[in-house]
Amino acid sequence: MSDLIVRVDNNSLLPSDDLVELNQKATTYIESSKAKNTNIAYKSDWDNFVLWCQSNSLQFMPASDTTIQLYITKLAVTKKTSTIRRRLTSIRLAHQLAKQPDPTKSGLVKMTMDGISRENGTKQIGKRAILTDDILKIIPLLPEGSIGVRDKAILLIGFAGAFRRSELVAMKAEDLRFDRRTLYITIQKSKTDQTGEGEVIAINLGENADTCPIQALEDWLSLSGITEGYLFRRIRKNGKILDEPLGAHWVARIVKKYARLLKMDPHEFGGHSLRSGFVTQTAINGATYDDIMKTTRHKKYDTVRKYMRDIELKNNASSKLGL
C-alpha cells in the first residue's frame, strides 16, 4: 500500500531526511502488519476502485459516500458479499493512510451493504474436500518423473498436515526435522501466526509406503537434490527442476488437475481441499475436535465445526423413528 500513500497524499511535506527515513520505516511496519497476500489483495482492490471512479468521472480521494454506494451496488451484481466487504476495507484503509475522512462509515453505505447482504446472502461456499479414497485413486494417475514425484509429495504432505496452500509453498528444507517415525515441519509464519513465532506440525509415518507422506517427501528430496531453500519448486515440461518456488495458486492447479482426471468437477476443488479434507476425514475416522485442532491450529471450535457439518447432519435422530 506504500505507493498508494504517495498517490493520494502527495501534498505531505517532510522537513528533514530523518523524518523521511522514519516515514519509510513506518510504511514498512504498516505493510508488515498484514500478510503479504493480504496487502496484495488490498492494493488490487484499491486499484480497481480507482479505475472504476476514473472511468465514471468520479473522485476517488476523498470519495463521497454516494460514490461508495454506487460502487458496491455495481459489485453486488457479480461479487460475493465477502469480496465486497474486503473492498470496503481496502477503501477505508486507503483513506486512513491519506488522513482523509472515511466514507465507508456513513449510514448510507452501511444501509446499502446491509441490503446487499440480505439480498445476496453471506454464506461462503467452501471448496469440496479431498478424502483418503480420492488420494488412493489419484496415486496411480500420477505421471512418471519429477512432476509426479513433486505432486505426490505436495498432495500427501498437504493432506496429512492440513496445510494451507500458502504454507505449503513457503516450506523450506531447513524447516524439516525427521525423527524415526515422525516428521516435524516448522511453519515460520501462517494465517494464525502473523508475528512469525513459528508453529510445529507433526506428521507420522504412514501405514503403506505408497501413500506415506514422509516417504513421498523423502522421494522428492532424493530426486530433486534439494537440501536448502524452498521445497516445492516449478518444473519445466522437460522435467528440469527450477530454483523458483511454486506460487500458492499452483497448489490449487495441482488439486484441480487430478480432480479432473478423476472425472470430478475441478471447479469444486482448490488448494483448500487438502486442509478441509484432513478435518473431514479425521472426523469420519473418530478424531476429537481437540486432536484435529492440534494439527489445523484453529483457535475456535466453531471454525472446525463448519467442515464437519455434513458429518454431524448424517448422525441425526431420524434413524430412531422406526420407519
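Being modelled with pLDDT of 90 or more and surrounded by fewer than 18 Cβ atoms within 10 Å (Cβ to Cβ) narrows it down to one residue among Leu261, Leu205; which is it?
On the way: Leu205 fails: modelled with pLDDT of 90 or more.
The match here is Leu261.
Can you list the helices (runs of 4 or more DSSP H) found entirely within region 69-183 that contain at least 1 residues being aliphatic (A, V, I, L, M) and touching a residue at least 60 places away in the same chain (Cβ under 8 Å)?
81-97, 132-138, 146-161, 165-170
Can you tell me how many residues within region 151-184 are of a type in the set (Lys, Arg), over 20 Å from Pro266 (Cα atoms) and at pLDDT 90 or above?
Result for region 151-184: 2.
Filter region 59-69 down to the residues that are surrounded by 17 or more Cβ atoms within 10 Å (Cβ to Cβ) and either out of contact with any Lys or Arg (no Cβ under 9 Å at 6 or more places or on another chain) or at pLDDT 90 or above (or both) and list them by number.
Matches in region 59-69: Phe60, Ala63, Thr67, Ile68, Gln69.
Does Ala160 fit the bill of being within 30 Å of Ile235 (Cβ to Cβ) and of a type in the set (Gly, Ala, Ser)?
When the stated conditions are applied, Ala160 passes them.
Quick check on my filter: what residues within region 210-228 are touching a strand residue (DSSP E or B) at 6+ places or on another chain (Cβ under 6 Å), of a type outside the set (Val, Ile, Thr) and farther than 16 Å from Pro143 by Cβ?
Pro213
When you scan region 213-226, do you find a residue that is part of a loop (DSSP other than H, G, I, E, B) and within 20 Å of the chain's Cα centre (by Cα), even just one?
No, the conditions are met nowhere in region 213-226.
The values are calculated or read from the model by the stated rules, or taken from the named source; none is laboratory data. Given the structure is predicted, the values throughout are model-derived calculations rather than measurements. Methodologically, a virtual Cβ is constructed for each residue, glycine included, from the backbone with ideal geometry; neighbour enumeration extends over all protein chains shown.
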